[in-house]
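Let me begin by presenting the structure, written as structure tokens, before commenting on it.
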Amino acid sequence: MIDKKFEDKLNKLREMYINKRPEESEKLDDSKKFEAFMALSDEEKEEKLNAKLELLTDKVVTLDEKLGDLLAKNASADDISELKYYIDAVKNKKLILEQKLELIKNGEFDAARKERVKRQLTDLELKRCKALLGKKDCSKINEKIALKKKAINRLK
């Protein structure tokens, strides 16, 4: 009975959003529908980040010009502080994107980071085996192994 209600609701939603708007679904061809879920190569990531960095640089320049205009017009302190806050936010975003671009250029992104964590995990497991053979306490090593396993799961 609950399943029927759920199916009915689902069918109503399909009618509302899919069947009544066929022109939007027809506009997108099959390659475009799933493009958002495709993995990008490092070169494509670099291109996108460079484009975003250019936009942010232009935005900072225009905001600095606006700040100069506001200072020349003796605008209210609230307007000036709000604009300065916005400029700082844009600069922080630009800094983050630059760091991300540097990681991509160094090859220290997804695959490389995952391999590094796997090597560290293997080293820790080897240390644990040595400690077990030497009949030593390996609780700290077990904690580190658990942290590395969580890191690997986050990277997947």
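Worth a mention:
- Backbone phi angles across the stretch 113-124, fed through the Karplus curve with coefficients 6.51, -1.76 and 1.60 (θ = phi - 60°), yield HN-Hα couplings of 5, 5, 5, 5, 5, 5, 5, 4, 5, 4, 4, 5 Hz in residue order; Gly and Pro are listed as x.
- For the residue pairs 59/105; 94/144; 52/114; 100/140, alpha carbon separations beyond 28 Å are given by 94/144; 100/140.
- Set of lysines near residue 66 by C-alpha distance (under 18 Å), chain-local residues within fewer than 8 positions excluded: 84, 91
- Estimated FRET transfer efficiency when R0 is 22 angstrom, pair residue 115-residue 87 (beta carbons, to 0.05): 0.05
Each value in this text was obtained by applying a stated rule to the coordinates, not by laboratory testing. The shown structure was predicted, so the numbers you read here are calculated from the model rather than taken from an experiment. Note that we place each Cβ from the backbone using ideal geometry, even for glycine, and neighbour counts take in every protein chain shown.
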